[in-house]
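Trainee: Before we start, here is the structure in question, set down as structure tokens.
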Amino acid sequence: MDPIIIPTQPIAGQRPGTSGLRKKVKVFEQPGYLENFVQAVFDTQPELSGGTLVVGGDGRYYNKTAIQTILRMAAANGVAHVLVGCDGILSTPAASCVIRKHRTQGGLILSASHNPGGPDADFGIKFNVGAGGPAPESVTNAIYERTRTIDRYRTLDAPDVDLQQLGRQRLDEMEIEVIDPVADYAELMETLFDFNAIHQLFNSGLFRMRFDAMHAVTGPYAVEILERRLGAEPGTVLNGEPLEDFGGGHPDPNLAHTQVLVAMTEGADALDFAAASDGDGDRNMILGKAFFVTPSDSLAVLAANAHHTPGYRNGIVGIARSMPTSQAADRVAEELGIDCYETPTGWKFFGNLLDAGRITLCGEESFGTGSDHVREKDGLWAVLFWLNLLAVRQQSVAEIVRDHWRRFGRNYYTRHDYEGVDAKAAEGLMEHLRERLPGLVGKPLGGLTVAYADDFAYQDPIDGSRAERQGIRIGLADGARIIFRLSGTGTEGATLRVYLERFEADPARQGHDTQEVMAQLISIARDIAQIESRTGRREPDVIT
Ligand code: VG1
Ligand code: CO
């Protein structure tokens with residue numbers, strides 16, 4: 001079959017953000033929109049021709065349509081072999097696992113992660129490299145530049161591929177293998193965690209948990225791993241069926257979007273443990289009995305306890321966290337005598353450190369935790385890690401975290417998001433802050449002295465590449481921090497994120513309410529950024 005060459009022209013705005021290209025479904029449905037981006041990937045990644053590509057997504061609306069388009073284009077661009085998840089399903093961490101395990105040349109992941117799905121909601125696509133991680137900026141920049149000059153794409157005039165039938169089939173010269181999306185991933189988890197110990201915990205009669213898959217991609221993974229392999233009682237997985245619109249919900253695992261689950265951890269009949277994941281399965285939220293573990297604390301606790309699990313028994317070599325993530329992990333690294341790296345927001349910045357063997361664990365405050373087992377953050381992995389700790393330490397979630405605070409101190413932490421803000425107003429707010437930075441150092445701010453104030457820049461220690469303007473940081477003399485960033489994953493207006501952190505070494509003062517402890521920092525942040533006068537918002541939309 002001869003490929004057909006379709007003339008096209010550049011479409012503005014195809015620069016990938018924090019995690020791939022994310023737009024409204026309606027934008028993706030424009031003729032040539034998806035095709036231009038996919039062709040730009042093939043044009044800039046020549047190793048895909050004659051190579052193997054992994055394709056799959058989080059099951060949201062437009063997933064299957066996009067996969068059929070990609071398969072035809074892959075065949076027309078000379079890809080030799082494709083591994084595609086059955087029904088088009090692959091969680092983001094599972095895609096990373098498959099790319100690595102089968103030594104492929106990369107993958108295309110279809111997801112808008114925690115953004116809502118459906119015909120009027122969001123879609124996304126990103127390219128992951130052969131190491132399994134999100135393409136670094138050098139690659140995403142090349143793809144973007146190609147979208148600005150593209151004038152044709154290659155495809156085939158061929159019928160849809162049957163994505164429901166496991167096994168091999170051909171599309172013209174290309175071999176397509178429809179794989180079980182869960183198998184490789186579940187097998188990897190069994191090598192990392194003590195499944196016997198967790199099995200015993202579930203069957204002790206003393207432990208009850210629920211996992212909320214939020215009608216997103218982790219349902220089949222969680223049912224197979226938690227209920228089938230680990231023997232958790234049937235019904236442990238809530239909302240386990242992936243739906244194209246996530247049941248109308250917002251598949252973002254935080255306190256604001258998991259109220260039913262949170263309520264199950266409170267009151268007389270409270271669960272011992274609860275967790276949730278997001279649209280594409282890379283985020284995690286961890287709850288104990290009436291106890292919320294901040295993602296920053298979770299990273300620190302996992303790092304301090306990694307030796308309790310088979311996969312990390314020999315210890316960890318280093319930790320990395322995104323800049324806005326609290327410094328709780330730094331304290332653990334210091335005690336363990338290992339390096340701790342501070343990177344810009346977005347998992348792609350961990351890739352080089354993981355590949356070079358500089359770090360074992362990494363995490364972000366945005367409910368992302370992961371390790372060198374794959375090159376993406378991994379929701380269920382974090383849940384299994386916690387279950388392994390609970391089984392070994394025979395303590396509650398709250399006891400483990402409070403012990404941790406007593407030993408290392410507590411980094412009180414909160415993030416305030418102002419969503420759907422006018423984009424110009426948000427840019428203006430950041431610009432104004434940037435102008436004020438040089439004058440702030442040494443000055444008092446709400447009774448505290450500013451120790452440093454800058455716009456975060458990162459030089460990758462492995463390849464020397466630089467990323468600039470990654471968030472404004474104001475550090476206060478007592479170690480507290482206020483950080484401002486604009487989101488790079490939204491599809492409507494701008495989202496201003498304000499990250500606040502304050503350290504408390506005294507165990508007697510570690511049990512307070514976070515928002516109360518942060519009140520002074522919150523008001524400093526609002527004043528200095530002129531949030532209300534510039535955005536018209538008095539209060540944040542989401543507090544995590
Ligand atoms: C957000 C988070 C960031 C995360 C990214 C992708 O980005 O802050 O930490 O890596 O989402 O997560 P931003 O630019 O909106 O702040 V996911 O679960 O979309 O893959
Ligand atoms: Co996600």
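Values quoted throughout were computed directly from the atomic coordinates according to the rules given, and no laboratory measurement underlies them. All of these numbers come straight from a predicted model, not from anything done at the bench. All Cβ positions, even for glycine, are placed from backbone atoms using ideal geometry, and neighbour counts span all protein chains on display.
Trainee: Among the trypsin sites (Lys or Arg not before Pro) within segment 241-348, which fall in a DSSP loop and have no more than 14 other Cβ atoms within 10 Å of their own Cβ? Working shown, then result.
Mentor: Working: sites: Arg283, Lys289, Arg313, Arg321, Arg331, Lys348; in loops: Lys289, Arg313.
Here the trypsin sites (Lys or Arg not before Pro) that fit, given the DSSP loop and packing criteria, are Arg313.
Trainee: Taking Cα pairs under 8 Å and at least six residues apart, what relative contact order does segment 4-181 come out at, in percent?
Mentor: Working: 371 pairs, mean separation 61.2, N = 178.
Relative contact order of segment 4-181: 34 percent.
Trainee: Now for a different question. Only counting other Cβ atoms within 10 Å, I'd like His308, His215 sorted with the fewest neighbours first. Mind dumping the intermediate values first?
Mentor: Details: His308 17, His215 23.
Listing His308, His215 from fewest to most nearby Cβ atoms yields His308, His215.
Trainee: Kindly put Val54, Val401 in sequence by how many other C-beta atoms sit within 10 Å of each C-beta, fewest to most. All intermediate terms of the calculation are to be shown ahead of the outcome.
Mentor: On the way: Val54 28, Val401 23.
If I rank by nearby Cβ atoms, fewest first, I get Val401, Val54.
Trainee: Related question: Taking the alpha-carbon centroid of each part, what is the distance from segment 375-447 to segment 467-539 in angstrom?
Mentor: Taking the Cα centre of segment 467-539 as reference, the centre of segment 375-447 is 9 Å away.
Trainee: Considering only DSSP beta bridges whose two residues both sit in the chain, what percent are antiparallel, to the nearest 5?
Mentor: Details: 63 of 92 bridges.
Percent antiparallel among DSSP bridges in the chain is about 70.
Trainee: Could you derive backbone 3J(HN,Hα) for segment 241-249 from the dihedral phi with the Karplus parameters 6.51, -1.76 and 1.60 (θ = phi - 60°), listing whole Hz in sequence and x where the residue is Gly or Pro?
Mentor: Whole-Hz 3J(HN,Hα) from phi for segment 241-249: 8, x, 10, 5, 10, 6, x, x, x.
Trainee: Once phi is turned into ³J(HN,Hα) by the Karplus curve 6.51 cos²θ - 1.76 cosθ + 1.60 with θ = phi - 60°, what whole-Hz value does each residue of segment 116-124 show in order, with x for glycine and proline?
Mentor: Result, ordered by residue: x, x, x, x, 9, 10, 10, 9, x Hz.
Trainee: Please compute the alpha carbon radius of gyration of the chain, then divide it by the globular-protein estimate 2.2 N^0.38 Å. Two decimals is fine.
Mentor: Numbers: Rg = 22.9 Å, N = 544, 2.2 N^0.38 = 24.1 Å.
It is 0.95.
Trainee: For Val54, list long-range residues whose amide hydrogen, built 1.01 Å from N in the peptide plane, is under 5 Å from its own amide hydrogen.
Mentor: Those lying under 5 Å, H to H, from Val54 are Leu83, Gly106, Gly107, Leu108.
Trainee: Would you be so kind as to identify which of Ala519, Ser465, Val441 lies farthest towards the positive end of the dipole of segment 410-543, taking Lys and Arg as +1 and Asp and Glu as -1 on Cβ and the Cα centre as origin?
Mentor: The residue sitting most towards the positive pole is Val441.
Trainee: Moving on to the next point. For Asp157 and Glu190 in the same chain, what is the full-extension length gain: residue separation times 0.36 nm, less their Cα-Cα distance, in nm? Display every interim value, and only then the final one.
Mentor: Working: separation 33, 0.36 × 33 = 11.88 nm, distance 4.25 nm.
In short, 7.6 nm is gained.
Trainee: Among Ala275, Ala306, Gly428, whose Cα lies farthest out toward the positive end of the dipole of the chain, if unit charges sit on the beta carbon of Lys, Arg (+1) and Asp, Glu (-1)?
Mentor: Gly428
Trainee: Rounded, prolate or oblate: which one fits segment 4-181, using the alpha carbon gyration tensor with axes a ≥ b ≥ c (rounded when a/c is under 1.5, else prolate when a/b beats b/c, else oblate)?
Mentor: On the way: a/c = 1.26, a/b = 1.15, b/c = 1.10.
It comes out rounded by the Cα gyration axes.
Trainee: Same structure, new question: Among Leu21, Gly337, Leu53, which residue has its Cα positioned farthest towards the positive end of the charge dipole of the chain, with +1 placed on the Cβ of Lys and Arg, -1 on the Cβ of Asp and Glu, and the dipole taken about the Cα centre?
Mentor: So the residue we want is Gly337.
Trainee: For segment 491-502, take each phi angle, set θ = phi - 60°, evaluate the Karplus expression 6.51 cos²θ - 1.76 cosθ + 1.60, and give the result in whole Hz per residue in order, putting x for glycine and proline.
Mentor: Here the 3J(HN,Hα) series is 10, 9, x, 10, 10, 8, 10, 10, 10, 10, 9, 8 Hz.
Trainee: Here's a follow-up. Amide H to amide H under 5 Å from Leu171: which residues, 5+ apart in sequence or cross-chain, H placed 1.01 Å off N in plane?
Mentor: Residues meeting the criterion, in which the H sits 1.01 Å from N, are Ile176.
Trainee: While we're here: Among the GluC sites (Glu not before Pro) in segment 210-277, which ones are in a DSSP loop with at most 15 other Cβ atoms within 10 Å of the Cβ? Mind listing them?
Mentor: On the way: sites: Glu224, Glu227, Glu244, Glu266; in loops: Glu244, Glu266.
Sites meeting the loop and neighbour criteria: Glu266.
Trainee: Which order results if His114, His512 are arranged by neighbouring Cβ count within 10 Å, fewest first?
Mentor: Working: His114 25, His512 12.
Fewest to most other Cβ atoms nearby, the residues stand as His512, His114.
Trainee: Compute the relative contact order of segment 434-527 as a whole-number percentage, counting only Cα pairs closer than 8 Å that sit 6 or more residues apart in sequence.
Mentor: Computed value for segment 434-527: 18 percent relative contact order.
Trainee: Another question, if that's okay. Membrane-span-like helices in the chain: DSSP H runs reaching 18 Å or more (Cα, own axis), mean Kyte hydropathy at least -1.0?
Mentor: In the chain, the long hydrophobic H runs are 63-76, 379-393, 423-440.
Trainee: In debye to the nearest 20, how big a dipole does the chain give about its Cα centre with +1 on each Lys and Arg Cβ and -1 on each Asp and Glu Cβ? Before the final figure, lay out each step's value.
Mentor: Working: 53 positive and 74 negative charges, 197 e Å.
For this selection, approximately 940 debye.
Trainee: In whole angstrom, how far apart do the alpha carbon centroids of segment 265-318 and segment 157-203 sit?
Mentor: Result: 25 Å between the Cα centres.
Trainee: Just flag the trypsin sites (Lys or Arg not before Pro) in segment 42-121 sitting in loop per DSSP whose Cβ has no more than 14 other Cβ atoms within 10 Å.
Mentor: Values: sites: Arg60, Lys64, Arg72, Arg100, Lys101, Arg103; in loops: Arg60, Arg103.
Qualifying residues, ordered by number: Arg103.
Trainee: With +1 assigned to the C-beta of every Lys and Arg and -1 to the C-beta of every Asp and Glu, and no other charges, what is the dipole magnitude of segment 310-418 about the Cα centre in debye, to the nearest 20? Display every interim value, and only then the final one.
Mentor: Values: 13 positive and 14 negative charges, 53 e Å.
Once rounded to the nearest 20, the dipole reads 260 debye.
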